[in-house]
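Below is one structure; the comments refer to it alone.
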Amino acid sequence: MSSTTLYLLLADGLLIAHTLFVAFVVIGLLLIAAGGLLGWRWVRNPWFRLVHLVCIGVVVVQSWFGIICPLTNWEMALRHKAGLPGYDGSFIAYWLSRLLYYAFPGWVFVVAYTAFGLLVAACWLWVRPRPFTDRAAGDGGRREKGAKHP
């Protein structure tokens, strides 16, 4: 395998990872909201919820400070090493402009990421996660203090 092929495979792998990250954040919020309405217990898992909140938090902080996502930078560096051109701006801005044929100014993405982050925070309050100390998956977080595991 040539180094060009290897760089392209790595860049494509990062693109897939980036896409999965975005899907986790967007679809995760939709599932949390649906789970809150439909009573799905798994959406109250505190680790899932914390990871979800941290993921969108990182995106919001990066947008406020004008930082391009490291996954975008690494992907572009690998594509350049393979001899291909990269793209300017953030991953989301690039692909949205490609999909919608319209390039929004950077501040639009800052507002959109911030609003989405606020929605995630609101869902944290609306669909409360179980406490981290609740180890019993089957009791719905309703175990009385001092109760023993079966």
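Here are some notes:
- The single residue among Leu14, Leu37 that is of a type outside the set (Gly, Ala, Ser) and in contact (Cβ under 8 Å) with a residue 60 or more places away in the chain turns out to be Leu14.
- 3 or more residues in contact with a Pro (Cβ under 7 Å, 6 or more places away or on another chain) and modelled with pLDDT under 90: qualifying helices (runs of 4 or more DSSP H) within segment 13-121: none
- Matching residues, segment 3-33, being among the small types (Gly, Ala, Ser) and either touching a helix residue (DSSP H, G or I) at 6+ places or on another chain (Cβ under 8 Å) or open to solvent by 60 Å² or more (accessible area, probe 1.4 Å) (or both): Ser3, Ala11, Ala17, Gly28, Ala33
The values are calculated or read from the model by the stated rules, or taken from the named source; none is laboratory data. As the structure is a prediction and not an experimental result, all values here were calculated from the model. All Cβ positions, even for glycine, are placed from backbone atoms using ideal geometry, and neighbour counts span all protein chains on display. Side chains included, ligands, DNA and RNA excluded: accessible areas come from the protein's heavy atoms. Shrake-Rupley method; radii C 1.70, N 1.55, O 1.52, S 1.80 Å.
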